[in-house]
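A short reminder: the numbers here are calculations on the coordinates, not readings from a lab. Owing to the predicted nature of the structure, the values given are computational and were not obtained by experimental measurement. Here Cβ is always computed from backbone atoms with ideal geometry, including for glycine, and neighbour counts include all displayed protein chains.
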Amino acid sequence: MITDAHAHYGPIRGMVFSDEQMIEAMDRYDIERAFFSSTIGLAGEARAGNDALYAMMKKHPDRVLAYCVPNPYREPLEELKRCLDRGFRGVKLHPYIAECPMDNRLYWPVYEEAQRRGLPILFHTGGSITNPDFRFTTPDMIIRICREFPGVTFIAGHMGLERWLDLVNVAPEVSNLYLDITMSIPTVERIEVAAGIVGADRIVFEATSRF
């Protein structure tokens, strides 16, 4: 069974896909299930975005798994608990869009709840030295949070993009950090390097049943 660990639901880059188109795309590539997060939620409207994704999950309960997107500035713990009560299975954070660095204390209630419940947290990484999103999830920041919350499975979305090797090289310092190759220019060579450094079992496209 293939489970896509990093999918988005809602408008993205000026495009909108229907629920049926999303399921058809999964069928085309033999993806049985996918973890989705709401693009509306990532853009700041957490409650509305999570509600839209919940409706999709209710329509396709065997195909759609949901990440809750909490807004760190608007009662994130309350929104997370609301989502979990509805069957959401993890958390998606986008520190760059939220303009809230990964090590900001506003995220602490989310990290603590995720650790208490054994939830995975997928978070955006990426960029180059000149790309502003990099400063919100630097390798040092990521390692620090992984050590602070060792019971949380953290999934580094995009594996750092242009800074992929910087992230891969520090990943062995913690055991609860996984690397997601989505949109990471995932050439065979890069994946081989990453697998050689952190182990193939920590390279994520297909999520295992533990998630």
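For a 4.7 Å threshold on C-beta separation, the list of partnerless cysteines in the chain reads CYS100, CYS146.
Can you list the trypsin sites (Lys or Arg not before Pro) in the stretch 1-61 that are in a DSSP coil and have 16 or fewer other beta carbons within 10 angstrom?
On the way: sites: ARG13, ARG28, ARG33, ARG47, LYS58, LYS59; in loops: ARG13.
Here the trypsin sites (Lys or Arg not before Pro) that fit, given the DSSP loop and packing criteria, are ARG13.
For the chain, the membrane-span-like helix rule (DSSP H, alpha carbon extent of at least 18 Å along the helix axis, mean Kyte-Doolittle at least -0.5) picks out 46-59; this says nothing about an actual membrane. Applying 1/(1 + (r/R0)^6) with r as the Cβ-Cβ distance of ARG147 and ASP19 and R0 = 41 angstrom yields a FRET efficiency of 0.55. How high is the FRET efficiency from ARG89 to ASP27, r the C-beta distance, R0 22 Å, rounded to 0.05? The pair ARG89/ASP27 has a calculated efficiency of 0.55.
The alpha carbon centroids of the stretch 54-97 and the stretch 142-188 are separated by 21 Å. Modelled label positions at ALA55 and ASP166, each set 7 Å beyond Cα in the direction of Cβ, lie 4.0 nm from each other.
Among beta bridges identified by DSSP and lying wholly in the stretch 2-204, the antiparallel ones come to about 5 percent. Ordering MET26, MET159, ALA52 by Cα displacement along the dipole of the chain toward the positive end leaves ALA52 in first place; charges were set at the Cβ atoms of Lys, Arg (+1) and Asp, Glu (-1).
Relative contact order for the chain: 17 percent, from Cα pairs under 8 Å spaced at least 6 residues apart, divided by residue count.
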